[in-house]
Amino acid sequence: MKLFSWNRSKFVDCPSCGITVGKDSLICRKCGMRFETRLDSGYVGEAIDHYKKGIREQKSGRHKEAITHYTAAIELLPIYTLAYNNRGVAYQESGEIENALLDYEHAIKLQRKLAVAYYNKGVAYKVLGKLQHALINFDVSIRFNSTLAVAYDHRGTVYQSLGKHLYASKDFNTARRLKADTS
Ligand SMILES: [Zn+2]
């Protein structure tokens, strides 16, 4: 499963689509989302603070606390797509897969091309043993982001389980190549 996070202090992830934007921007150049306040002030800044705390808790394995922060972020900023995605991962890591799926769905409803949400949905279906559903979601995730190595890895294991070994090894090779490219 995959979280969104960032580390450069002058920049944040657009709450809606995840690309890096300056904290002082009022509109996202990729998804077109307009921010009513600067991303480091007002209720939007508060939502982003909760979101960051959520990531911190989640990375330390405190999923309940993470869920609380993501929920607070969503209450402040209901279009916070990435908070839905990450809360889904926190639910999934606490074994609440149905809640996780609802959050991924919600993220996708807000941002139809959010590859990572399809990827996470695929992983959830894989855990549930619904391999065809998993496959469809990995397909879509790769269509929207053809460099998401983990999606190829997971799709490869699904193909393997379905006995489609040729497709599987193709996916594993692509994943390996993408990982080599980024390391
Ligand atoms: Zn955006």
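Where a number appears in this text, it was derived from the coordinates with a stated rule and is not lab data. What you see is a predicted model; the values in this text were computed from it and never measured. Positions of Cβ are generated from backbone atoms using ideal geometry, with glycine treated the same way; all protein chains shown enter the neighbour counts.
Residues of segment 89-111 falling in the label zone of Ile136, defined by backbone nitrogen less than 20 Å from a point 7 Å along Cα to beta-carbon, are 97-111.
What the Kirkwood sum gives for segment 1-112 is a hydrodynamic radius of 13.7 Å, with every pair of different alpha carbons counted.
When cysteine pairs in the chain are screened for C-beta atoms closer than 4.7 angstrom, every residue finds a partner. Taking the charge dipole of the chain about its Cα centre, with +1 at Lys and Arg Cβ atoms and -1 at Asp and Glu Cβ atoms, the residue from Val158, Tyr51, Ala124 reaching farthest to the positive side is Val158.
Once the mean of 1/r is taken over each pair of separate Cα atoms and inverted, segment 114-183 shows a Kirkwood hydrodynamic radius of 11.6 Å. Per-residue ellipticity at 222 nm from helix content only, as computed over the chain with -39500 (n - 2.57) for each DSSP H run of at least four residues, stands at -21000 deg cm²/dmol.
Using 1/(1 + (r/R0)^6) with R0 = 25 angstrom and r between the beta carbons of Ser169 and Leu128, what's the FRET efficiency to the nearest 0.05? The value I calculate is 0.50.
With a threshold of 18 Å on the Cα-Cα distance, the over-threshold entries among Lys23/Lys52; Lys53/Lys121; Lys10/Lys52 are Lys53/Lys121.
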